[in-house]
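What follows is one structure encoded as structure tokens, with my remarks underneath.
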Amino acid sequence: MSADELRCLVTGATGYIGGRLTPVLLERGHDVRVLARNPDKLADIEWRDRVKVERGDLGDPESLIAAFDGVDVVYYLVHSMGTSSDFVEDEARSARNVVAAAQKTGVKRLVYLGGLHPSGKNLSPHLRSRVAVGEILLASGIETVVLQAGIVVGSGSASFEMMRHLIHRLPAMTTPKWVHNKIQPIAIDDVLHYLAEAATADIPASRTWDIGGPDVLEYGDMMQGYAAVAGLRRRIIIAIPFLTPTIASLWIGLVTPMPPGLARPLIESLEVDAVMGEHDIDAVIGPKPGGLTGYRDAVANALKHGPLPNDPRWAHVGREAS
């Protein structure tokens, strides 16, 4: 797809990924719209005057048709975990609404950020929902790029901030057995590279592509790596096999400002390995100039940009969490 006069719409622009992707798309010269249920949330954003803000909601099909009119690429970056009693069904309904509006308005490409997951395993509701949304978009008949990422390392990322709070507050901790599961984290800048390139990449067909950083670690090693970069003592981590997601989410609610409705889906997602099963993304989208960011460098970059470990601002993420 040509970059000339490319018109992009970003859903989830008030969230972590969408809020960082929007200025990257602007820097590339794209005409950018953003969808927001409450445009007032964008009033103080530095790029606000450079975009067209469309008031709309993924649960309101008519608002999507109005917002998508004349758009080439729609970025689907909204997630409902933590804000709904049945976020799985809400996600599927939202995806179907996006597809219907995109078909009606002639959108040329859909780009979605899902989650890394193993094949042939029982997945948590959160991961199953991510997979289902991707499948709905891929079945749309519209050219679709589904990127699948694990933990995003960056200041404000819900998964990263959960880990950061635990490490800063607990020099010793008991954890579920998934502390030994394999994780392939990816720096926020690398995620933004792949998302931005996905708007114009010459893709052979609609499909999923895994994305991840250069390091594959156990979750416990991620925690120790963070502690080392942050100048903290090595943490004492004791895995307890019978610590369930429910108990773990309640425990995390006691020691971090993360809402339980957001903590539990994230914790359940850690029950399986999250590593790349395919490695052809760079052949399609192109490698990031300078290479991908190693885990410890990604942590160091995140620590430069706050929020501080006791800053509660990120605790209110939910619908646009990553």
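The values are calculated or read from the model by the stated rules, or taken from the named source; none is laboratory data. No experiment lies behind these values; they were computed from the predicted model shown. Heads up, the Cβs are rebuilt from the backbone with ideal geometry, glycines too, and the neighbour counts pull from every protein chain shown.
When Lys182, Lys177 are checked against the criterion of being charged (D, E, K, R), modelled with pLDDT under 90 and surrounded by fewer than 20 Cβ atoms within 10 Å (Cβ to Cβ), Lys177 stands alone in meeting it. Quick check: is even one residue across segment 80-97 within 12 Å of Leu137 (Cβ to Cβ), aromatic (Phe, Trp, Tyr) and either loosely packed, with under 15 Cβ neighbours inside 10 Å or under 19 Å from the mean Cα position of the chain (by Cα) (or both)? No, segment 80-97 has no match at all.
For segment 245-254, give me each residue that is free of Cβ contacts under 8 Å to residues at least 60 places away in the same chain, under 10 Å from Arg264 (Cα atoms) and surrounded by 13 or more Cβ atoms within 10 Å (Cβ to Cβ). The answer is Ile247, Ser249, Leu250, Gly253. Consider Arg50 carefully, then state whether it is surrounded by fewer than 20 Cβ atoms within 10 Å (Cβ to Cβ), closer than 30 Å to Ile267 by Cα, modelled with pLDDT of 95 or more and charged (D, E, K, R). Considered against the rule, which asks whether it is surrounded by fewer than 20 Cβ atoms within 10 Å (Cβ to Cβ), closer than 30 Å to Ile267 by Cα, modelled with pLDDT of 95 or more and charged (D, E, K, R), Arg50 comes out as no.
Filtering segment 26-44 for residues that are in contact (Cβ under 8 Å) with a residue 24 or more places away in the chain and closer than 20 Å to Ala139 by Cβ leaves an empty set. Tell me the residue from Ser94, Ser63, Ser129 that is of a type in the set (Ser, Thr, Tyr), part of a helix (DSSP H, G or I) and in contact (Cβ under 8 Å) with a residue 40 or more places away in the chain, please. One residue alone meets the criteria, Ser129.
The one condition from (1) part of a helix (DSSP H, G or I); (2) in contact (Cβ under 8 Å) with a residue 12 or more places away in the chain that Glu89 does not meet is (2).
The residues of segment 205-235 that are of a type in the set (S, T, N, Q) and in contact with a Lys or Arg (Cβ under 7 Å, 6 or more places away or on another chain) amount to a single one, Gln224.
For every residue, the table says whether it meets (1) surrounded by 21 or more Cβ atoms within 10 Å (Cβ to Cβ); (2) within 14 Å of Thr175 (Cα to Cα); (3) of a type in the set (D, E, K, R).
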site: Gly213; (1), (2), (3): yes, no, no
site: Ile236; (1), (2), (3): no, yes, no
site: Leu243; (1), (2), (3): no, yes, no
site: Pro289; (1), (2), (3): no, no, no
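Conditions tested, residue by residue: (1) in contact with a strand residue (DSSP E or B) (Cβ under 6 Å, 6 or more places away or on another chain); (2) at pLDDT 85 or above; (3) β-branched (Val, Ile, Thr).
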site	(1), (2), (3)
Leu243	no, no, no
Ala248	no, no, no
Leu254	no, no, no
Glu271	no, yes, no
Glu278	yes, yes, no
Val284	no, yes, yes
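Using the structure shown, decide if Ser119 is modelled with pLDDT under 95 and either in a loop (DSSP other than H, G, I, E, B) or in contact with a Leu (Cβ under 8 Å, 6 or more places away or on another chain) (or both). Answer is yes for this residue.
Determine whether segment 225-238 contains at least one residue that is free of Cβ contacts under 8 Å to residues at least 40 places away in the same chain, on the phi < 0 side of the Ramachandran plot and either more than 18 Å from the chain's Cα centre (by Cα) or outside any strand (DSSP E or B) (or both).
Checked against the condition, which is being free of Cβ contacts under 8 Å to residues at least 40 places away in the same chain, on the phi < 0 side of the Ramachandran plot and either more than 18 Å from the chain's Cα centre (by Cα) or outside any strand (DSSP E or B) (or both), segment 225-238 yields at least one hit.
For segment 247-302, taking the residues that are of a type in the set (Lys, Arg) and in a helix (DSSP H, G or I), the one that is nearest to Ser124 (Cα to Cα) is identified as Arg264. Scanning segment 1-49 for residues that are more than 22 Å from Gly59 (Cβ to Cβ), among the acidic types (Asp, Glu) and outside any strand (DSSP E or B) turns up Asp4, Glu5, Glu27, Asp44, Glu46, Asp49.
Taking the criterion of being aliphatic (A, V, I, L, M) and closer than 30 Å to Ala201 by Cβ, would at least one residue in segment 243-257 satisfy it? The answer is no, given that none of the residues of segment 243-257 is aliphatic (A, V, I, L, M) and closer than 30 Å to Ala201 by Cβ.
Figure legend. Inter-residue proximity from segment 175-197: first residues assigned to a helix (DSSP H, G or I), second residues among the basic types (Lys, Arg), beta-carbon distance below 7 Å, spacing 6+ or different chains. Indicated pairs: Ile188/Arg20; Asp190/Lys288; Leu192/Arg20; His193/Lys288; Ala196/Arg28. Once segment 9-42 is narrowed to residues that are among the basic types (Lys, Arg) and more than 12 Å from Val53 (Cα to Cα), the residue that is surrounded by the fewest Cβ atoms within 10 Å (Cβ to Cβ) is Arg28.
For Glu218, the conditions (1) modelled with pLDDT of 95 or more; (2) within 14 Å of Pro176 (Cα to Cα); (3) buried (at least 17 other Cβ atoms within 10 Å of the Cβ) all hold with the exception of (3).
Can you give me the number of residues within segment 2-33 that are under 16 Å from Asp72 (Cβ atoms) and of a type outside the set (D, E, K, R)? Selection size over segment 2-33: 14.
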